[in-house]
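To start, the structure itself, in structure tokens.
The values are calculated or read from the model by the stated rules, or taken from the named source; none is laboratory data. This one's a predicted model, so the numbers in the text were calculated from it and none came from an experiment. In this analysis, Cβ positions are derived from the backbone assuming ideal geometry, glycine residues included, and neighbour counts consider all displayed protein chains.
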Amino acid sequence: MPHLAAVSPDAAVRGGVILSALAAMGPFRRRGEQALAEHGIGAVDVEEWYPLSSYLEALETIGERMGPNTLFQVGRQIPNHVALPPGPGSFAFALAAFATLYGSSHRGVPDGAITHQLLSDRSGRILSATPYPAGLDHGVIVGLFHHLLGVRVIVEDDGECGKEGGGCCAYLVRLPLE
């Protein structure tokens with residue numbers, strides 16, 4: 001789960017991100033709203049800013065109650081419910097979109113929490129040092145590529161993900177062979 005000690009008390013997340021996560025929960029949306037309320041987030045407005053630590057605590061509660069795969073599935077659907085940066089439909093653009101989306105929807109978080117490296121025209125590496133659960137990040141990456149390119153990508157973590165300790169997760173992202 002997220003390493004909350006690494007989150008600045010001033011860090012905030014835009015309401016649109018929270019609403020996209022709720023929309024992604026589909027028939028379980030009420031359970032998500034309940035978890036948010038338990039952590040001090042009531043009615044959510046798309047343009048307002050909310051304490052990131054409260055949102056992360058709510059995600060932790062959701063993961064505990066509904067299982068870690070729920071967070072992956074929520075992450076996978078988030079790109080279908082948020083405004084994504086416009087750009088060319090290329091692998092390189094999709095690789096960079098994760099950092100762009102994070103930067104535009106969070107404030108009070110360190111710059112460079114997400115970096116990427118293009119390895120070829122069909123593969124790349126994403127390093128994520130966000131405070132989010134690794135399963136959620138993984139799901140967002142899968143969803144972004146599907147949303148932006150209309151293709152399924154293979155995402156493998158490097159086995160060294162340190163999310164429980166507040167570290168960095170590395171994801172190898174590649175297009176499957178045609």
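What to note about this one:
- Set 103, 135, 143, 150: member being among the small types (Gly, Ala, Ser) and either modelled with pLDDT under 85 or over 14 Å from the mean Cα position of the chain (by Cα) (or both): 150
- The residues of segment 36-66 that are buried (at least 21 other Cβ atoms within 10 Å of the Cβ), without any contact (Cβ under 8 Å) to a residue 40 or more places away in the chain and of a type in the set (A, V, I, L, M), listed by number, are 36, 58, 62.
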